[in-house]
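Working notes, beginning with the structure itself.
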Amino acid sequence: MENKFTFRQFWELSEIYTAPLNLFLILMGVSIAMDQFDWGISLNLFLYGLILIIFHVTANIFNHYMDYKNASDQHYREVTNVIGREKLSLKFVRNLYLICLFIAFLLGVWLVLRTNIIVGILGLIGFYIGLFYSYGKHPLNSLPIAEVLTGTTSGFFIPVIGFYLAIDGKIEVTPFMIFEVFILCLPLSMMMFNNLLANNTSDLEEDVKNGRKTLVYYLGKKTAVSVLLIVFAISYLLLPIFVFLGIAPWPILILFLFLPKSIQGLKIYQQKQDKAITFPIVLKTMSLVMIGYPLLYFIGSLIHQL
């Protein structure tokens, strides 16, 4: 094994380029608090964002590490997985994610001390799912619940903690408020679900070789693609309903301007599910909602403040 570790290898191992999506999830929670209740930007929100980015890096490094160790397919270990392909030291990769995890945990403890135990409980649930996604004899990424569980955790838990920190004790948070945040975050959870579903659809043959029986394994590729399209359609149908009910500002409807291009891309994916060619199209399509929805909600909230 080679000891040299370059930034390019870190870039691929940590997938840090996907970390900024977490900030838009936080923005969603802050925007809801801004639109409907008293709110405020505080050190706690910046601290929370930093924790998310570091833990995002930690979880990705850990997932690559465990996927490499658990893989039974030699081609996956030597070619597909970045650790084998780049001949990285397993000890070095393990130490790297442990250091990142330790930093994220310390910052998390500091955030809990600055807030309360509720933030700690939600954070621990997120830590657990993030790490056990690929850990253990039957990791989450080998089970048919992975897409739903991970999509809900990322699409709802991250915004709701952002919402809670934005409220920052100014008013009492009720179960109804949390339920409303959950409903408003459904499009984000659905996009996360679709990202994982598309990824597992493209990786079906490889997953089977490595003993991972995801939701796609039970549905089959054709049905999995149909589910993805249905979930995508529902997420868009929710937007005008939110506006009609008065729980979301009208600028979120601007997303419909990008719908024709998104449909065109999904038609290409529907014809062929390929990790290198068509999966990136799905990522771009879902990321458009994951970035555009919180951003437009935030803009609408600013307009509402005028």
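Determine, yes or no, whether ILE61 is in a helix (DSSP H, G or I), closer than 25 Å to LEU204 by Cα and modelled with pLDDT of 90 or more. Yes; evaluated as a whole, the condition is true for this residue.
Residues that are free of Cβ contacts under 8 Å to residues at least 12 places away in the same chain and in a loop (DSSP other than H, G, I, E, B) within segment 180-226 comprise just one, GLY220. When we screen ILE99, ILE53, ILE145 for residues that are under 19 Å from the mean Cα position of the chain (by Cα) and over 20 Å from LEU204 (Cα atoms), the only hit is ILE53.
Looking at (1) assigned to a helix (DSSP H, G or I); (2) more than 12 Å from the chain's Cα centre (by Cα), which one does GLY130 not meet, given that it meets all the others? Tallying (1) assigned to a helix (DSSP H, G or I); (2) more than 12 Å from the chain's Cα centre (by Cα), GLY130 fails exactly one: (2).
Assess whether ASP168 counts as being touching a residue at least 60 places away in the same chain (Cβ under 8 Å) and open to solvent by 30 Å² or more (accessible area, probe 1.4 Å).
Details: touching a residue at least 60 places away in the same chain (Cβ under 8 Å): yes; open to solvent by 30 Å² or more (accessible area, probe 1.4 Å): yes.
Yes; evaluated as a whole, the condition is true for this residue.
The residue of segment 251-285 that is modelled with the lowest pLDDT, among those that are open to solvent by less than 80 Å² (accessible area, probe 1.4 Å) and of a type in the set (Phe, Trp, Tyr), is PHE279.
Kindly indicate whether any position in segment 172-188 is at pLDDT 85 or above and charged (D, E, K, R). Within segment 172-188 (the criterion being at pLDDT 85 or above and charged (D, E, K, R)), the answer is yes, since at least one residue qualifies.
The set of residues from segment 179-230 being within 24 Å of GLN74 (Cα to Cα) and polar (S, T, N, Q) comprises ASN199, ASN200, THR201, SER202, ASN210, THR214.
Every residue in segment 89-123 that is among the polar types (S, T, N, Q) and more than 19 Å from ILE26 (Cα to Cα), please.
Once the filter is applied, which keeps residues that are among the polar types (S, T, N, Q) and more than 19 Å from ILE26 (Cα to Cα), segment 89-123 yields SER89, ASN95.
Only one residue in VAL119, VAL112 is over 15 Å from the mean Cα position of the chain (by Cα), part of a helix (DSSP H, G or I) and either within 21 Å of ILE234 (Cα to Cα) or touching a residue at least 24 places away in the same chain (Cβ under 8 Å) (or both), so which one is that? The unique qualifying residue is VAL119.
Going by what's in this entry, would LEU47 be described as open to solvent by 60 Å² or more (accessible area, probe 1.4 Å) and either free of Cβ contacts under 8 Å to residues at least 12 places away in the same chain or assigned to a helix (DSSP H, G or I) (or both)? In short, no.
Only a single criterion out of (1) more than 22 Å from GLY211 (Cβ to Cβ); (2) acidic (Asp, Glu); (3) open to solvent by less than 30 Å² (accessible area, probe 1.4 Å) is not satisfied by ASP67, namely (1).
The values are calculated or read from the model by the stated rules, or taken from the named source; none is laboratory data. Values in this document were obtained by computation on a predicted structure and should not be read as measured data. Please note: Cβ atoms are built from the backbone with ideal geometry, for glycine as well, and neighbour counts cover all protein chains shown. Accessible surface is based on the protein model in full, side chains and every heavy atom, while ligands, DNA and RNA are left aside. Shrake-Rupley method; radii C 1.70, N 1.55, O 1.52, S 1.80 Å.
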